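Engineer: Here it is, the structure, as C-alpha cells.
Taken together, the values in this text are just the output of simple stated rules run on the coordinates, not laboratory data. The shown structure was predicted, so the numbers you read here are calculated from the model rather than taken from an experiment. So basically every Cβ, Gly included, is an ideal-geometry build from the backbone, and we count neighbours across all protein chains shown.
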Amino acid sequence: MLDISELSRESGFSPSKLRYYEEVGLIRSVGRRGLKRLYEDEVKTRISLISLAQTAGFSLGEIKETIGSEGRPDLDGTVLAAKADAIDAKIKELTALRDGLRHVMNCTAENHLDCPRFQRIIRVALTKKQVDGKRSKKNPDKGRRN
C-alpha cells in the first residue's frame, strides 16, 4: 500500500492531480492512513496508462471510458486506430509547418510576403484555423485537454 505522498513521489504526479483523478473516477483509493489516502501498488500502472493516453491526445473522459476506475483496461482497436490516424495527420501537418519555416528562414525573396511558397503557407494556416473553429463550434469538447 502507498499513501498519497508516496504515490506522488514515485509517479511524479502531484497529490492534487491524484485526488482529481480519483474524483473523476480514473483511480480509486482503498482506504486511509490518518488523513492520507491509501492506494494499492497497481495504481501506478493505471497512472502510467493515463499519462500515456494523455500524451496520445485522449481526453480524461475518453481515458475513463477506456480504462474505467478499476480492473483491466478495455482497449478498443477502432478507437486506438482513429487516434493513431489523428497522430499521423498531426505529424504530417507539423512536418509541413517545419519545412515551411525552414524555407522561409532561407528564402531569398526581399520580402517574405512576396514569396509564393510563404503565401501558400499563410493560406493553409488560415484555412486550417477556419476548419478547426467550425469543428470546435460543433463539438465544444473537441480538442479540450483535461
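Engineer: Using only Cα positions of the stretch 77-138, each an equal point scatterer, no hydration layer, compute I(q)/I(0) via Debye at q = 0.15, 0.25, 0.29 Å⁻¹ and quote the log10 values to two decimals.
Structural biologist: Reported log10 I(q)/I(0), two decimals: -0.61, -1.05, -1.15.
Engineer: Can you give the local net charge around ARG19? Use residues other than it whose beta-carbon is closer than 13 angstrom to its beta-carbon, Lys and Arg +1, Asp and Glu -1.
Structural biologist: +2
Engineer: OK, next. Specify the angular offset, from 0 to 90 degrees and rounded to the nearest 10, of the alpha carbon long axis of helix 77-106 from the longest principal axis of the alpha carbons in the chain.
Structural biologist: Rounded to the nearest ten degrees, it is 40.
Engineer: If you don't mind, there's one more thing I want to ask. Where does helix 43-55 land angle-wise versus the long Cα axis of the chain, in degrees 0 to 90, nearest 10?
Structural biologist: 10
Engineer: How tilted is helix 116-138 with respect to the longest principal axis of the chain? Cα atoms for both, answer in degrees (0 to 90, nearest 10).
Structural biologist: Around 40 degrees separate the two axes.
Engineer: For each pair in LYS17/LYS64; LYS44/LYS90; LYS44/LYS128; LYS17/LYS83; LYS83/LYS128, compute the distance between the two Cα atoms and list the pairs where it is over 27 Å.
Structural biologist: Violating the 27 Å limit, Cα to Cα: LYS44/LYS90; LYS44/LYS128.
Engineer: Next question. When the Kirkwood hydrodynamic radius is evaluated over all pairs of different C-alpha atoms of the chain, what value in angstrom, to one decimal, is obtained?
Structural biologist: Result for the chain, one decimal place: 18.6 Å.
Engineer: Given an 8 Å cut-off on Cα distances and at least 6 residues of separation, report the relative contact order of the chain as a percent.
Structural biologist: 18 percent.
Engineer: Right, another one. Gap in Å between the Cα centre of the stretch 28-74 and the Cα centre of the stretch 94-129?
Structural biologist: So the separation of the two Cα centres works out to 43 Å.
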